[in-house]
1. How much length, in nm to one decimal, is gained on full extension between Gln133 and Leu73, taken as 0.36 nm per residue of separation minus their Cα-Cα distance?
2. For Val38, what residues show an amide H to amide H distance below 5 Å, using hydrogens built from the backbone and excluding near sequence neighbours?
3. Hey, any idea what Rg/Rh is for the chain, computing Rh the Kirkwood way over Cα pairs?
4. Counting other beta carbons within 10 Å of each Cβ, put Ile46, Ile78, Ile31 in order, fewest first.
5. Would you pull out the residues with amide H under 5 Å of Gly16's amide H, same chain only if 5 or more places away, H placed 1.01 Å from N?
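Rule-based calculations on the coordinates, nothing more; no lab input. Quick caveat: nothing in here was measured; it's all calculated off a predicted structure. Every residue, glycine among them, receives a Cβ derived from its backbone with ideal geometry; neighbour counts consider all protein chains shown.
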Amino acid sequence: MSDELPEYYFRVRDNGAFVFLVDTENRQRRIELDQIAVVNIRNGQIKPQGDYELTEQDMTAIREWMDERVQVLAERDIDDIRRAVDHLNQTAHWAQSRATDDQLEAVTDALLLSMHDLRAVLVRKKAERLIRQTKG
């Protein structure tokens, strides 16, 4: 642990975070976390906790965290998709080289439907991008 703790702590949750002020300036020299807000990344909402009034410094720190968090989540999405491509390649290799008839029977329909759905979405989105490029 570093010598200096950050001023704010963000406890991540599904749609955002609970925001805490980090307090070490107390008699017991213990770390105390005082919740000051709840943040929702999806709708951009920042709600103060209880009677606490958020300062401009609080709001700046929260907005900076939100911007960074959105970027991290976007990077994770792309990484997840790249991993999915790897998994599809590994699945193709497995189906061709190691899968038994029973194993293939167990997964073929689900794989074909999900790949058909994915292909339809990708083709439609590609067509939309091409149309926008020719119009723009």
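1. Values: separation 60, 0.36 × 60 = 21.60 nm, distance 2.75 nm.
Gain on extension, Gln133 to Leu73, equals 18.9 nm.
2. Placed amide hydrogens put Val19, Lys47, Gln49 under 5 Å from Val38.
3. 1.21
4. Details: Ile46 17, Ile78 9, Ile31 12.
Fewest-to-most Cβ neighbours within 10 Å comes out as Ile78, Ile31, Ile46.
5. Close amide H contacts, sequence-distant or interchain: Ile41.
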